Amino acid sequence: MTSIRLRFRPSYVSGKEGTLYYQVNHFRRTGVIGTSYRIYPHEWDEEHACIVISGSVCCYSERKAVLQLYQSKINMDMDVMREIVNERENTIRRYTLEDLLDVLRKRTNSMSVFHYIRSQIDKKNRMGCYGTAKTYNNVLRCFTKFREEKDIAFDGMDNELIQEYEAWMLHAGLRRSSAACYLRTLRTLYRQAVDDGQAENNDIFRKVHVSVGKTCKRAVPIETIRMIQSLDLSGKTSLDFARDIFMFSFYTRGMSFIDIAYLRKSDLRNGYLTYNRRKTFQSLVIQWEQPMQNIVDRYAGQTHDSPYFFPIVRGETLADRLSYEQALQRINRSLKRIGTLIGLHIPLSTYVARHSWASIARNMDVPLSIISEGLGHDSDKTTQIYLASLDKSMVNKANKEIISKITLI
């Protein structure tokens with residue numbers, strides 16, 4: 001007879017996390033299968049041999065999510081191991097403890113879907129890609145709800161399951177565009193799992209809709225940019241700051257808000273701003289223009305002891321990440337109010353600055369290749385190979401011409 005139990009080995013250091021492991025008993029012999037799941041002593045229920053998730057013991061949501069994923073993976077591990085044991089015991093052929101442990105270790109060492117997505121979220125957070133981490137987390141929550149919190153192995157993912165997931169999202173009231181976004185992101189994570197050796201290279205998304213039609217217009221004409229720049233916002237500090245961030249984004253060729261928030265003073269050298277996009281890690285070089293300087297000068301008093309240009313974040317901690325997200329929400333709310341003040345018929349946001357720069361540049365007959373270089377696009381490999389040979393001065397010249405249309409310099 002064979003039995004399998006989950007065990008907890010506390011750390012030798014008081015207050016540190018201990019390790020969970022599986023104890024396998026086979027005809028009075030005992031073996032151990034290790035795991036990467038680490039929990040604190042107060043998170044372990046010895047009597048019931050399970051993780052404590054609910055109640056006052058688990059006080060914050062991120063830790064609770066980790067423990068839920070651990071428990072989900074453990075449940076799946078136990079189901080898989082019991083199935084393997086039943087298969088062995090229902091055959092005439094005898095097997096040893098060593099044979100059993102070898103098979104069990106191979107099966108339990110592979111990541112489940114939930115656990116793998118969580119590992120990618122943690123990875124993106126460590127890299128500072130908070131927007132991507134947030135997107136992955138939203139996908140995890142949606143897929144977990146669809147699965148009724150029951151984890152699944154990658155070899156259980158197939159065309160039929162993905163079609164059911166799409167139908168479930170639409171039935172739950174999600175728009176087609178939102179469902180397609182979730183599916184695209186899940187497909188990205190699945191392909192990454194294939195690259196990491198966690199999943200088979202199967203085209204399980206071929207029968208669902210991962211693309212949508214054209215999105216609503218996000219660009220505004222140059223006349224609207226002038227109206228935003230010249231709008232009298234005296235005494236309206238929050239609106240004025242939002243307008244400055246919007247214009248700074250436009251002046252810097254549509255710089256994303258996260259790059260603005262973490263833009264360091266040391267990034268400006270010899271009249272050029274050099275930074276790496278947080279989304280793609282691509283290095284961009286922008287010629288520094290007077291309108292940019294005018295904006296950062298207005299906040300010099302608030303940032304004299306900070307390495308950053310703007311008073312949005314102070315470092316790379318979790319608290320700073322929350323500050324960044326809250327600031328983005330406040331700024332976009334303020335921009336919508338600005339849009340209302342000038343009679344704009346589309347919601348004004350930081351992203352409109354990026355779209356508008358590209359649209360205005362195109363209307364000025366700036367070559368598409370230079371626009372792509374200015375925006376830092378790198379998704380089209382063929383375009384990027386061609387863009388690599390472009391002289392950066394062509395991009396800066398185009399940007400200077402665009403800014404001059406706004407500031408009349």
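A few remarks follow.
- The listed residue being assigned by TED's automatic domain parsing to the domain that holds N125 and either under 23 Å from L322 (Cβ atoms) or crowded, with 18+ Cβ neighbours inside 10 Å (or both), out of L268, L189: L189
- D244, sole failed condition from (1) surrounded by fewer than 14 Cβ atoms within 10 Å (Cβ to Cβ); (2) assigned to a helix (DSSP H, G or I); (3) acidic (D, E): (1)
- Cross-chain or 6+ apart pairs with Cβ under 6 Å, the range 1-18 first and farther than 22 Å from E47 by Cβ, then surrounded by 13 or more Cβ atoms within 10 Å (Cβ to Cβ): T2/H26; T2/V85
- Filter result for I117 (of a type outside the set (D, E, K, R), at pLDDT 85 or above, part of a helix (DSSP H, G or I) and in contact with a helix residue (DSSP H, G or I) (Cβ under 6 Å, 6 or more places away or on another chain)): yes
Listed here are the residues, each with its yes/no results for (1) small (G, A, S); (2) at pLDDT 95 or above; (3) not assigned by TED's automatic domain parsing to the domain that holds K145.
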residue	(1), (2), (3)
E160	no, no, no
H171	no, no, no
L174	no, no, no
S177	yes, no, no
C181	no, no, no
R184	no, no, no
N201	no, no, yes
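- Enumeration of residues in the range 26-44 that are among the small types (G, A, S) and over 21 Å from S72 (Cβ atoms): G31
- Residue, farthest from R264 (Cα to Cα), within the range 298-334, restricted to residues that are assigned to a helix (DSSP H, G or I) and of a type in the set (D, E): E325
The values are calculated or read from the model by the stated rules, or taken from the named source; none is laboratory data. Values in this document were obtained by computation on a predicted structure and should not be read as measured data. Neighbour counts are summed over all protein chains in view; Cβ atoms, including those assigned to glycine, are modelled from backbone coordinates with ideal geometry.
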